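Trainee: Right, I'll just put the structure down here and ask away after.
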């Protein structure tokens, strides 16, 4: 029943709570076959239902000596995915699963989706298993594997290894191959705003320089008069600007000219600024300055927004420093904004964590 509801996406907390109570009352976990257990925990994760007893019992169950022996690669993948989805960060359990997958050489028979989901789980939990993750990268590099992923899956796989920031071979080779695949016209033309921002972030976070990929993504985003740019959400704008700045790749049409780019989009739609976090605003301004790209309209619009909405009053020390640096670097002197930043920097709760 739980698996069916999870597969159908039917969210019924009373039903899931009843299932959890039944499992607890009859001590069913210890009586289940591995596939039944995997189906149960996967269903709760798929519906994003966190049951404290079930989560605790699951961790104990997985550490029983006999439990993982019959698991196949899909079982491990689904279990890891479920734990990550429920934010269950148990290093002992995750290490044991990773060791079992590698020790039994299960990745040879894994689907690319199982590989991707397993990698995603370890990345989401920030657990860079030093043996499993390179093996997952190697499995993904097997002939024909990456071609089975859709563009969104390809970008998510890049995000996974970008998040982990591991440079153990063959992870760099995998990121390079993902870059090549992403630049194929039939793949790139399907990219949406999330795909562009995710892949750009992944490559920059992993410190992989890839001017060709970034130019290709920028060309895709600004084509047809930049209509794709209007679909970028505030977070995606900030992330994309940051990634291009870290790469040192300046594409004026992406950041903003008079007619096309993120800057004129925000100038024409200043209400979008309300959707930015403080960090997002600071990072965006920093990115423009880092690339030496002035845009008077954008900076005046942002300055007015920050002052009118009193957003500076909620800045932390990093936000203050980044915005001040951006203004100074590009030579913008917005007196009211600079004064507000100066006042904020003097507030004890912020000033005490400024570094020299």
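Trainee: Kindly evaluate residue 255 against the criterion of being more than 21 Å from residue 161 (Cα to Cα), modelled with pLDDT under 95 and either touching a strand residue (DSSP E or B) at 6+ places or on another chain (Cβ under 8 Å) or buried (at least 21 other Cβ atoms within 10 Å of the Cβ) (or both).
Mentor: Numbers: more than 21 Å from residue 161 (Cα to Cα): yes; modelled with pLDDT under 95: no; either touching a strand residue (DSSP E or B) at 6+ places or on another chain (Cβ under 8 Å) or buried (at least 21 other Cβ atoms within 10 Å of the Cβ) (or both): yes.
Considered against the rule, which asks whether it is more than 21 Å from residue 161 (Cα to Cα), modelled with pLDDT under 95 and either touching a strand residue (DSSP E or B) at 6+ places or on another chain (Cβ under 8 Å) or buried (at least 21 other Cβ atoms within 10 Å of the Cβ) (or both), residue 255 comes out as no.
Trainee: Mind counting the residues in segment 24-33 that are out of contact with any helix residue (DSSP H, G or I) (no Cβ under 6 Å at 6 or more places or on another chain) and either assigned to a helix (DSSP H, G or I) or farther than 19 Å from residue 65 by Cβ (or both)?
Mentor: Step one: of segment 24-33, the residues out of contact with any helix residue (DSSP H, G or I) (no Cβ under 6 Å at 6 or more places or on another chain) are 25-28, 30-33.
If we keep only those that are either assigned to a helix (DSSP H, G or I) or farther than 19 Å from residue 65 by Cβ (or both) too, we end up with 25-26, 28, 30-31.
Residues that pass the stated criteria total 5.
Trainee: Could you say which residue among 99, 78 is in a helix (DSSP H, G or I), without any contact (Cβ under 8 Å) to a residue 60 or more places away in the chain and either under 20 Å from the mean Cα position of the chain (by Cα) or exposed (fewer than 14 other Cβ atoms within 10 Å of the Cβ) (or both)?
Mentor: Details: 99 fails: either under 20 Å from the mean Cα position of the chain (by Cα) or exposed (fewer than 14 other Cβ atoms within 10 Å of the Cβ) (or both).
The unique qualifying residue is 78.
Trainee: I need every pair where a residue in segment 267-281 that is over 15 Å from residue 320 (Cα atoms) has its Cβ under 7 Å from the Cβ of a residue that is at pLDDT 95 or above and not in a helix (DSSP H, G or I), sequence separation at least 6 or different chains.
Mentor: As it stands, the answer is 275/233, since those pairs meet every condition given.
Trainee: Based on what the data block shows, is residue 336 surrounded by fewer than 20 Cβ atoms within 10 Å (Cβ to Cβ), assigned to a loop (DSSP other than H, G, I, E, B), modelled with pLDDT of 95 or more and out of contact with any strand residue (DSSP E or B) (no Cβ under 8 Å at 6 or more places or on another chain)? Don't jump to the end; show me each part of the working.
Mentor: Numbers: surrounded by fewer than 20 Cβ atoms within 10 Å (Cβ to Cβ): yes; assigned to a loop (DSSP other than H, G, I, E, B): no; modelled with pLDDT of 95 or more: yes; out of contact with any strand residue (DSSP E or B) (no Cβ under 8 Å at 6 or more places or on another chain): yes.
In short, no.
Trainee: Tell me whether segment 277-292 contains one or more residues that are more than 21 Å from residue 225 (Cα to Cα), loosely packed, with under 14 Cβ neighbours inside 10 Å, modelled with pLDDT of 95 or more and in contact with a helix residue (DSSP H, G or I) (Cβ under 7 Å, 6 or more places away or on another chain).
Mentor: There is no residue in segment 277-292 that is more than 21 Å from residue 225 (Cα to Cα), loosely packed, with under 14 Cβ neighbours inside 10 Å, modelled with pLDDT of 95 or more and in contact with a helix residue (DSSP H, G or I) (Cβ under 7 Å, 6 or more places away or on another chain).
Trainee: Sort out which residues of segment 162-179 are assigned to a helix (DSSP H, G or I), under 17 Å from residue 247 (Cβ atoms) and in contact (Cβ under 8 Å) with a residue 40 or more places away in the chain, and write them in order of number. Walk me through how you get there before you give the answer.
Mentor: The initial filter retains those residues of segment 162-179 that are assigned to a helix (DSSP H, G or I), namely 162-164, 171-179.
Those left that are additionally under 17 Å from residue 247 (Cβ atoms): 162, 172, 175-176, 178-179.
Scanning segment 162-179 gives a single hit, 162.
Matching residues to (1) buried (at least 22 other Cβ atoms within 10 Å of the Cβ); (2) touching a residue at least 24 places away in the same chain (Cβ under 8 Å); (3) more than 16 Å from the chain's Cα centre (by Cα):
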{"residue": "184", "(1), (2), (3)": "no, no, yes"}
{"residue": "187", "(1), (2), (3)": "no, yes, yes"}
{"residue": "196", "(1), (2), (3)": "yes, yes, no"}
{"residue": "217", "(1), (2), (3)": "yes, yes, yes"}
{"residue": "228", "(1), (2), (3)": "no, yes, yes"}
{"residue": "241", "(1), (2), (3)": "yes, yes, no"}
{"residue": "249", "(1), (2), (3)": "no, yes, yes"}
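The values are calculated or read from the model by the stated rules, or taken from the named source; none is laboratory data. Small disclaimer: the values here were computed from a predicted structure and weren't measured. Using ideal geometry, Cβ is built from the backbone for each residue, glycine included, and neighbour counts are taken over all protein chains shown.
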